[in-house]
Amino acid sequence: MEILDINVMRGPNYWSIYRHKLIVMKLDIGELENKPTNQIEGFADRLESMFPTMYEHHCSEGKDGGFFFRVKEGTWMGHVIEHIALEIQMLAGMDVRFGRTRNTGEKGIYYIVFSYMEEDAGIFAAESAVRIAQALINGDEYDIEHDIQELREIREVERLGPSTGSIVEEAESRGIPCMRLNRNSLVLLGYGVNQKRVQATTTSNTSSIAVDIAGDKEETKFLLNKANIPIPKGLIVNNIYSLESAVEELGFPLVIKPVNGNHGNGATINIRTKDAALDGYRAAEKFSKTVIVERFISGYDFRMLVVNYKLVAAAKRTPAAVVGDDLPSPTT
């Protein structure tokens, strides 16, 4: 078998006006055009053994086990590859269910169409499905868990962040079409005159002044202080000498972080020694020439999401940690 082309659909398309996220693979199944699945010895049993969860694929039979029935009765390999591509994505935690296989009009060449959640995962699933089908035809061993884990890792790299993801899920639940515009979190909601763009929690309605202020910790603290909102005492430093002065004035424990930064990049907390303060400064200056040194305030860290002036969600941010008893692990 030979993959002739793979295309990614991101909006209304020839195959579906409702299902926008589709992979379209053009596949030449070669001599298998004359050899449906019921003529490949042991194929149905090997497929069912590798993918027992495919029992839930109804296919055109409209009931559990329908797809396995079609395989035993005899169907073409393009149809099987469509179902494999969907199933390995499902096993990797991606809820994808739409698929179609259609003849191109050329002998042995098919369009295999299936849904995806993340583009790169969909492309990988297409290529993997062909490899898996070939292994099943040949009766070869195949490490399916490796491909499923690869799909999980691709998804984690490519998926939208929690804020953007929540907005997209809500938009889709309201029937608002969504299209990802880049590799990051820039998303188009709606079309035409009603379209809006969002990136994380920043929208096309967000003031650029607000973004600039929120991205500058020094300016943010100044404005909060002017509004009589309590803030931790801190100083701005830009060299080792001003760092030493700040440490002397503020005392320990401390937090050192870049003035312009996000996601905790370059931040060091609960600093209790001068050596640790120097290490924290060096970590922060990798992200910003200007560094802020603050008193460390112990307590919980919450991330809150406000939509239309209402608090709709809050998450307690807990650093990754391992709890142990300082004893060697038992051997078995």
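Can you confirm whether residue 121 is in contact with a strand residue (DSSP E or B) (Cβ under 6 Å, 6 or more places away or on another chain), outside the structural domain of residue 179 (by TED's automatic domain parsing) and assigned to a helix (DSSP H, G or I)?
Answer is no for this residue.
Is it fair to say residue 300 is in contact (Cβ under 8 Å) with a residue 12 or more places away in the chain, outside any loop (DSSP other than H, G, I, E, B) and among the aromatic types (Phe, Trp, Tyr)?
It is false that residue 300 is in contact (Cβ under 8 Å) with a residue 12 or more places away in the chain, outside any loop (DSSP other than H, G, I, E, B) and among the aromatic types (Phe, Trp, Tyr).
Given (1) farther than 24 Å from residue 6 by Cβ; (2) crowded, with 16+ Cβ neighbours inside 10 Å, where does residue 63 come up short, assuming only one miss?
Against the list (1) farther than 24 Å from residue 6 by Cβ; (2) crowded, with 16+ Cβ neighbours inside 10 Å, residue 63 comes up short only on (2).
Do we find a residue being in contact with a strand residue (DSSP E or B) (Cβ under 7 Å, 6 or more places away or on another chain) and either modelled with pLDDT under 85 or part of a helix (DSSP H, G or I) (or both) anywhere in the range 222-237?
Within the range 222-237, none of the residues are in contact with a strand residue (DSSP E or B) (Cβ under 7 Å, 6 or more places away or on another chain) and either modelled with pLDDT under 85 or part of a helix (DSSP H, G or I) (or both).
Hey, does the range 257-277 have a residue that's assigned to a helix (DSSP H, G or I), outside the structural domain of residue 200 (by TED's automatic domain parsing) and either modelled with pLDDT of 95 or more or surrounded by 14 or more Cβ atoms within 10 Å (Cβ to Cβ) (or both)?
Kept after step one, since they are assigned to a helix (DSSP H, G or I), are these residues of the range 257-277: 274-277.
Subsequent filtering for residues that are outside the structural domain of residue 200 (by TED's automatic domain parsing) retains 274-277.
Now restrict to residues that are either modelled with pLDDT of 95 or more or surrounded by 14 or more Cβ atoms within 10 Å (Cβ to Cβ) (or both): 276-277.
Yes - at least one qualifying residue is present in the range 257-277.
Just to be sure I understand, how many residues within the range 135-163 are in contact with a helix residue (DSSP H, G or I) (Cβ under 8 Å, 6 or more places away or on another chain), in a helix (DSSP H, G or I) and under 19 Å from residue 47 (Cα atoms)?
Qualifying residue count, the range 135-163: 5.
Could you tell me whether residue 199 is under 30 Å from residue 77 (Cα atoms) and either among the aromatic types (Phe, Trp, Tyr) or out of contact with any helix residue (DSSP H, G or I) (no Cβ under 6 Å at 6 or more places or on another chain) (or both)?
no
Of the residues in the range 5-46, how many are of a type in the set (A, V, I, L, M), surrounded by fewer than 16 Cβ atoms within 10 Å (Cβ to Cβ) and modelled with pLDDT under 95?
2
The values are calculated or read from the model by the stated rules, or taken from the named source; none is laboratory data. Being a predicted model, the structure only gives us computed values, none of them experimental. Note that we place each Cβ from the backbone using ideal geometry, even for glycine, and neighbour counts take in every protein chain shown.
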